[in-house]
Amino acid sequence: MKLQTAFGQTLKRHRKAKELSQEAFSEVSSRTYLSELERGLKNPSLDKIDELARTMGIHPLTLLTDCFSCKDGVAVEDIFATITRELESLRES
């Protein structure tokens, strides 16, 4: 699955889980742009990911982790294990 598609599906799933309409994001994004993100037509910036996540009351890494889990078909726990190993390795250097 393409990264943009995975991000869009993830964003939509989290938005609906929080029972938020696209209009609820009007302070950080237009409804049209949000729709384009959810359909995998646009790539958000890091700042935009942060704004979207905060609007939903979640950490931006929640969106990204779920996105890559969806894209790669990998369990979230496996992603966390990889991240932990990589960060520990960085600290050791």
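The values are calculated or read from the model by the stated rules, or taken from the named source; none is laboratory data. Please read all numbers here as calculations on a predicted model, not as lab measurements. Backbone-built Cβ (ideal geometry, glycine too); neighbour counts: all protein chains shown. When the accessible area is computed, the model is the full protein with side chains, heavy atoms only, and any ligands, DNA or RNA have been set aside. Shrake-Rupley method; radii C 1.70, N 1.55, O 1.52, S 1.80 Å.
Miscellaneous remarks
- If you sort His14, His59 by accessible surface, 1.4 Å probe, largest first, the order is His59, His14.
- The HN-Hα couplings worked out from phi for region 13-19 by the Karplus form 6.51 cos²θ - 1.76 cosθ + 1.60 (θ = phi - 60°) are 4, 5, 4, 5, 4, 8, 6 Hz, whole numbers, x standing for Gly and Pro.
- Angle of helix 60-72 to the longest C-alpha principal axis of the chain, folded into 0 to 90 degrees and rounded to 10: 80°.
- Net charge dipole, the chain: roughly 400 debye, given to the nearest 20, about the Cα centre with Cβ charges of +1 for Lys and Arg and -1 for Asp and Glu.
- Loop trypsin sites (Lys or Arg not before Pro), the chain, which have at most 10 other Cβ atoms in a 10 Å radius of their Cβ (DSSP): Lys2
- Scaled against the 2.2 N^0.38 Å expected of a compact globular protein of N residues, the Cα radius of gyration of region 1-55 reads 1.00.
- The chain: calculated mean residue ellipticity at 222 nm from DSSP helix runs of at least 4, using -39500 (n - 2.57): -21500 deg cm²/dmol
- The chain: translational diffusion in µm²/s, Stokes-Einstein, Kirkwood Rh over Cα pairs, 25 °C, 0.890 mPa s: 177 µm²/s
- Shown for the chain: the carbon plus sulfur share of the solvent-accessible area, taken with all protein chains present and a 1.4 angstrom probe, equals 51%.
- Rounded if a/c under 1.5, otherwise prolate or oblate - region 49-93, Cα gyration tensor axes: oblate
- Looking at the chain, the accessible area is 65 square angstrom per residue; that uses a 1.4 Å probe and ignores ligands, DNA and RNA.
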